[in-house]
Amino acid sequence: MSIASHPIHPPDYERLEREQVATLARPKVSFIAWAEDSGRASEIAQALGGEARAFYRLRIVWKPLVPLRYLLNAIGTCGYLLSRRPRAVIVTNPPIFPGLIALLYCTVTKAPLVLDSHPSAFGDAPMSKQVAGIHAWLVRRAATTIVTVQELAEIVRSWGGEADIVHELS
């Protein structure tokens, strides 16, 4: 077959249009919370022109099954990030796990990561103390960490991170 007999393929305009629509549909920012009530996440995401997503699979609260809820939340969070591909991610802490997942996503996609570290993340609770080193490590890799008071901002800065104080919006 000669070169002249091969039809020249025009650009795949349908594919290009789908890609453009998908790019436009990507949220500017996604606020991820592993909590039943994501009021703060919704308010902040809305104020930034983004979207909030709460993961609290099966509403499991019985301690022996909480790891199952965390596993399901992790799968849901990964699926959400991969399908929505946000340009920036804000994630609540605690628990620490969504922050780790978001950091992986943000490292691969070069999207900025913002931690929303609640006072309990800095507290005296056994779990907070156990993951304090991981929290500090995440803080240093985030673009900034949102806290509610100056004392927590000073802790974040002492760990080598940036901190912004944001009070309840409503």
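The values are calculated or read from the model by the stated rules, or taken from the named source; none is laboratory data. Note that the structure is a prediction, hence the values are computed from the model and not measured. Please note: Cβ atoms are built from the backbone with ideal geometry, for glycine as well, and neighbour counts cover all protein chains shown. These accessible areas exclude ligands, DNA and RNA; they are computed on the full protein's heavy atoms, side chains included. Shrake-Rupley method; radii C 1.70, N 1.55, O 1.52, S 1.80 Å.
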Query - Pair list, Cβ under 8 Å, 6 or more apart: segment 110-121 residue within 7 Å of Ala142 (Cα to Cα), other residue of a type in the set (Lys, Arg) and open to solvent by 10 Å² or more (accessible area, probe 1.4 Å) - result: Leu113/Arg141
Requested in this report: Residues being surrounded by 11 or more Cβ atoms within 10 Å (Cβ to Cβ), of a type outside the set (Lys, Arg) and in a helix (DSSP H, G or I): count how many of those fall in segment 48-73.
Outcome: 7
Query - Near pairs, Cβ below 8 angstrom, 6+ apart or cross-chain, from segment 129-155 (closer than 15 Å to His118 by Cβ) to any residue that is of a type in the set (D, E, K, R) and open to solvent by less than 20 Å² (accessible area, probe 1.4 Å) - result: Thr145/Asp116; Ile146/Asp116
